[in-house]
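Presented below is the structure to which this report refers.
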Amino acid sequence: MFQYVIKRLLSIIPVLFGISLLLFFMLRALPGDPAQVLAGQMATPEDIEHIRHQLGLDKPVYIQYAVFLGQLAKFDLGRSARTQNPVIQEIWARLPNTILLAVVAITLACLFGIPAGIISATRPYTFLDYLVTAAALFGISMPVFWLGLMLVIVFSVILPWLPAGGTGSWKHVILPSITLTAFVVAFIARMTRSSMLEVLSQDYTTTARSKGLKEKVVVIKHALKNALIPIITVVGLQFGMLLGGAVLTETVFAWPGVGRLIVDSILARDYPVIQGTILIFGLIYTLVNLMVDVIYAFVDPRIRYD
Amino acid sequence: MTDTIRNTADGDRDHSPISPFRRSWFKLKRNKVALFGGFLILLYILTALLAPVLFPGNPSAPNLIMALETPSLKHPLGTDELGRSILGRIIYGSRVSLSIAIGVVSVGLFIGVPLGLISGYYGGKTDFILQRITDTLLAFPGFLLALGLVAVLGVGLKNAMVSIGIAMIPLYIRLVRGCTLAVREEIYVEAAKAVGTRDTVILLRHILPNVMVPITVQTSLSMGMGILFAAGLGFLGIGVQPPTPEWGTMLGSGRSYLFHAPHVATFPGIAIFLAVLGFNLLGDGLRDALDPRFKL
C-alpha cells in the first residue's frame, strides 16, 4: 500500500513537469512582448527593460525555464501585476473560501446524489426512477451561472430571505453552495444509478437475497459496497469540475475565492496571477485524483497495486 | 397485396439478420427521449437558418426608449438594457452558439481523433509522449483549461472556439486511443497487416469505422458541452463580445438588472439549457442505440 502511494506520487511528476512547461510557454505565447504586457500600456521603455531584466527575459529560453522551475519549487509564483503582492499570497488569502464552497457542495451532492441513485436503481423504470433520471439530465444541461442567477431572483429578490452575494455569515454560503451542488449532484446520481443497477444484477446479490436477508441489508451491505468504485471516481472528478464551476459561481455571487481571482486577472491581463491560479487548480485536481486512487485500495481489497 | 408486403417487411425485421445501421435506427426511433433531443436540435438548426425570416431587422440595433421592457405582444420576451428584443437576440444567438458547437467539435475531431488513432495503433514512444501530453491537459478541468487558453489567445468568438476545442482534444485522444487498442487486436486488422496493407489504409478503413460509435456519442455530448462552455466564457465577459448576440453574454449583462428586470437574465438561460439538453438527450440515446453491448 505504502509502496503504491509512493509510486503514484512519483507518477504525477511527469504531469507536474508538463503543467510547468505549459504554464511557462503560456506566458511566452502571448502576442507581443511579455515584458510590455506586464508593464502595461503606460510603461516607459526603461520600465519595460527593467521588467525584462527582472523576469530574466534577456537570458536564453532554457535558462529562463530552469529559473522558472527553481521558483516553482519554492512556491514563488512572482508578483501580481495589479497589486504588486506575491501571487501565492493573493491565492492563499482566497483559497479557503473556494475550498469551503467546494467541500460543502461535494458533501451535499453526495448526501443527495448517492441516495437518489440508489432509489432510482432499486426501483428501475418506475415513476421515481424516471424522476431522478430526468432531474439528473436537467442538472447536467443547466448552465450553473444561470441557476445561480435564478436562485438570486427567487431567494433574494422575490423572497428577500438570503443575501444575493458577498460573504460574512452562514447565510452567504447557502446560495453559492446550492448552485455548485446542483452542478455535480446530477453526475453522482447518474453514476450511482448505473453502478448499482449493474451490481444488483450480479449473482452474489441474488445469493444474498435468497439467503433471506432484508432488502435494506442487500442494498447497503452487499450492493452499495461493490458499486462504490465508479461512484468514488465520479466524486473525485466532480471535485475538479467544482473548481471550474467555482469560477462561474463565485462570479455570480461576488464570492471572494480563487475562481473570481482568475476571472479578474484575465480581465486585467494580470498574467503572473493567471499562471499561479491555474497552476494551483491543476495541482489540487491532480492530488485529488491521486487521493481517489488511494481510496480505491481501501474500499476494494481486490485492488492490489504491485 | 399490401398486407403481404407489410407482413414480409415485418417478418424481415423480426427474423432475418438486419444491418447494424438499421437495427440502431430502430432502437433510436423507439427511444422517445432521444428523439425529443433530436427534435430540439432540429428546432435550433431551423431557427439559426431562418433567423432573418423569424426576426426581420437588426437584433443588435439599440433602441433606448424601449430599454428593459417586460414581455409584451410586441416583444414576447421583453427587451434588454439597450432596448433590443431579447427574442430576436436569442434567435440570432442560436447561429453563434451552433457555430461555436460545430467549431469546437471540429477542432476536437480533426486533431483528437487522428492523434488517438496513432497513439493506440502504434503504441511505443509515440503513445508514451502523446499520453503524457494528454495527462497534462487532463490535469485541468475542461472549463479551466479553456479559460487559461482564452487568457493567452484573447477574447472573441474565434478564440473562444479554439480554446474550448483544444480543451476537448484530450477527451477525444483518450477515447479513441482506448477503442483503438481493443480494435487493433482484432483478427481482421491482423489479416490486413498480413497481406501488406499500408498502415494509413488499416487506420482509416479498418480501425476508424469500428471506433465511430463512441466518437459519435462523444460528439453529441461535446456539442452540448461546447455551448455550455462558450456561454460560460461569454457570461464572464471573456468570450464572444457584444454587440454579437450570444446567450452567455446576454446573461452576463442581464446580471446587473436582476432586481428590476429579471427577464433579461432568465430567457437566454432557458435557450442555453434547452440546446444543451437536446445534445445530451441525443448523445445518451445514441449511446443506447449504437452500442451493441447495451440491450434495450
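Every number here is computed from the coordinates shown, using simple stated rules; none is lab data. Model, not experiment: these values are computed from the prediction. Note that each Cβ is placed from the backbone with ideal geometry, even for glycine, and that neighbours are counted across all protein chains shown.
Data overview
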read-out	value
Criterion (farther than 17 Å from B:THR249 by Cα, surrounded by 15 or more Cβ atoms within 10 Å (Cβ to Cβ) and over 16 Å from the mean Cα position of the chain (by Cα)) met by exactly one of B:LEU87, B:LEU82, B:LEU54	B:LEU54
Selection from region A:267-296 of residues that are over 14 Å from B:LEU147 (Cβ atoms) and β-branched (Val, Ile, Thr)	A:ILE284, A:THR286, A:VAL288, A:VAL292, A:VAL294, A:ILE295
Selection status of A:PRO14, within 14 Å of chain B (Cβ to nearest Cβ) and not charged (D, E, K, R)	yes
Number of positions in region B:153-165 that are more than 15 Å from B:GLY237 (Cα to Cα) and surrounded by fewer than 21 Cβ atoms within 10 Å (Cβ to Cβ)	1
Checking B:ASP127 against (1) without any contact (Cβ under 8 Å) to a residue 60 or more places away in the chain; (2) of a type in the set (Asp, Glu); (3) in a loop (DSSP other than H, G, I, E, B), the condition it does not meet	(3)
Tally of residues being in a helix (DSSP H, G or I) and either within 12 Å of the chain's Cα centre (by Cα) or acidic (Asp, Glu) (or both) across region B:259-292	11
Residue identified as β-branched (Val, Ile, Thr), within 30 Å of B:MET250 (Cβ to Cβ) and not in a helix (DSSP H, G or I) among B:VAL150, B:VAL155, B:VAL162	B:VAL155
Count - residues of region A:253-273 that are crowded, with 24+ Cβ neighbours inside 10 Å, among the small types (Gly, Ala, Ser) and more than 10 Å from chain B (Cβ to nearest Cβ)	1
Qualifying residues in region A:139-162 (those that are at the interface with chain B (Cβ under 7 Å from one of its Cβ atoms) and aromatic (Phe, Trp, Tyr)) - the one nearest to the chain's Cα centre (by Cα)	A:PHE145
Options A:THR133, A:THR179: the member that is assigned to a helix (DSSP H, G or I), in contact with a Ser or Thr (Cβ under 7 Å, 6 or more places away or on another chain) and under 23 Å from B:GLY248 (Cβ atoms)	A:THR179
B:ILE215 being within 28 Å of B:VAL33 (Cβ to Cβ), surrounded by fewer than 24 Cβ atoms within 10 Å (Cβ to Cβ) and within 12 Å of another protein chain (Cβ to nearest Cβ)	no
Residue match in region A:186-193 (condition: in a helix (DSSP H, G or I), within 30 Å of A:PRO163 (Cβ to Cβ) and either more than 15 Å from the chain's Cα centre (by Cα) or free of Cβ contacts under 8 Å to residues at least 40 places away in the same chain (or both))	yes
Pair list, Cβ < 7 Å and 6+ apart or interchain, from region A:255-266 residues that are free of Cβ contacts under 8 Å to residues at least 24 places away in the same chain and within 17 Å of A:ARG79 (Cβ to Cβ) to residues that are surrounded by 24 or more Cβ atoms within 10 Å (Cβ to Cβ) and of a type in the set (Phe, Trp, Tyr)	none
